[in-house]
Amino acid sequence: MEMIAIRKHFLKRYRTFIFILGSILFVVSFINIYNKKKINITPIIIKDTVVKVEIEKIIIESDKDGDGLLDLDDIVEGARKDALNKPKYKSAYYQGGYPPDNEGVCTDVIWRAFENAGYDLKSMIDQDIAENLEDYPRVNRQPDQNIDFRRVQNLHVFFKKYATSLTLELKPTNLVNLKEWQGGDIVIFKRPEHIGIISDKRRNDGVPYLIHNAGPYTREANDLMAWRTEIIGHYRFPSK
């Protein structure tokens, strides 16, 4: 009987110990969960580091106007001057061909940029149309020097013949691909037909800006990948 009483007493104390230990563990677990929840209420956010992609510049040793600025840089400068001048978008026919400085369309950015580099793009296109009329379906065998050099389709034919044809693909952060996209390049978009000059300014991912006039005026903007139609022409003039 005495042994039974001792066992009962031991079991009672053991159960009490287990109950107290379990209670302590429960309280500790509850505190840990509560603290974790408090920490998660205000998480520490580490912002992503933006790394600027550096693209190698291609040099073409051509300086048509002899001003010490190579042609591609001269073309960018000319297009940028047009953007700073902000000619309003106006599609019209002009006797003599050239619109006033405060008016223009996308094609006027091109001849103005080329003029800055020493090229008379109007005369070059007029001459090629006169000598190769069949190459220019947009002319419809009726040349008009007041407007032919201001039509995207005619510019497309001319640059396809006399400029270096380049990739139509544009891959952000891809160094090999983006090296083919240089300031001063000409880019042409599908219908509704549009044309612009590639800027030497780039986004952090290496994609260049576009200098063009799509209304309300000429601008230099992050529009190259945002344009609503696909790229169908990418050229560099003068050719290598």
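The values are calculated or read from the model by the stated rules, or taken from the named source; none is laboratory data. All of these numbers come straight from a predicted model, not from anything done at the bench. For neighbour counting, all protein chains shown are included, and Cβ atoms are generated from backbone atoms with ideal geometry for every residue, glycine included. Calculation scope for accessible area: heavy atoms of the full protein, side chains included, ligands and nucleic acids excluded. Shrake-Rupley method; radii C 1.70, N 1.55, O 1.52, S 1.80 Å.
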Task: Built amide H within the under 5 Å cut-off of Ile232, gap 5+ - done: Ile188, Phe189, Lys190
Task: Heavy-atom SASA rank of Ser62, Ser165 (probe 1.4 Å, accessible area, largest first) - done: Ser165, Ser62
Open item on the list: Spelling out what I want: for every residue of segment 90-95, take phi, set θ = phi - 60°, compute 6.51 cos²θ - 1.76 cosθ + 1.60 (Karplus), and round to whole Hz; glycine and proline get x.
Closed with: 8, 8, 8, 9, 10, 5
TODO: Taking the convex hull of the Cα atoms, report for segment 110-240 its projected area averaged over all directions, in nm².
DONE: 8.2
Open item on the list: I'd like to know how segment 126-183 sits against the 2.2 N^0.38 Å rule of thumb: what's its Cα Rg over that expected value?
Closed with: 1.49
- [ ] Any of Lys201/Lys240; Lys52/Lys122; Lys122/Lys171; Lys90/Lys171; Lys86/Lys122 with alpha carbons more than 31 Å apart? Name them for me.
- [x] Lys52/Lys122; Lys122/Lys171; Lys90/Lys171
Task: Under 5 Å, built H, 5+ apart or other chain: amide partners of Val207 - done: Thr173
Open item on the list: Only sites in a loop by DSSP and with at most 13 other Cβ atoms within 10 Å count here; which GluC sites (Glu not before Pro) in segment 54-114 make the cut?
Closed with: Glu54, Glu56, Glu61
Task: Difference of contour (0.36 nm per residue) and Cα-Cα distance, Asn222 to Val51 - done: 59.8 nm
Task: Residue-wise HN-Hα coupling along segment 164-172, computed from phi with Karplus coefficients 6.51, -1.76, 1.60 (Hz; x: Gly, Pro) - done: 7, 7, 10, 4, 9, 7, 9, 10, x
Task: Eligible aspartates and glutamates near Lys88 by straight Cα distance, threshold 15 Å, same-chain separation 8 or greater - done: Asp101, Glu103, Asp108, Glu220
TODO: Using the Cα centre as the reference, give the magnitude of the dipole from point charges on the C-beta atoms of segment 129-240 (Lys, Arg: +1; Asp, Glu: -1; all else neutral), rounded to the nearest 20 debye.
DONE: 160
TODO: Provide the per-residue ³J(HN,Hα) series for segment 184-198, in order, calculated from phi with Karplus coefficients 6.51, -1.76, 1.60 and θ = phi - 60°, each as a whole number of Hz, with x at glycine and proline positions.
DONE: x, 5, 9, 10, 10, 10, 5, 3, x, 4, 8, 9, x, 10, 6
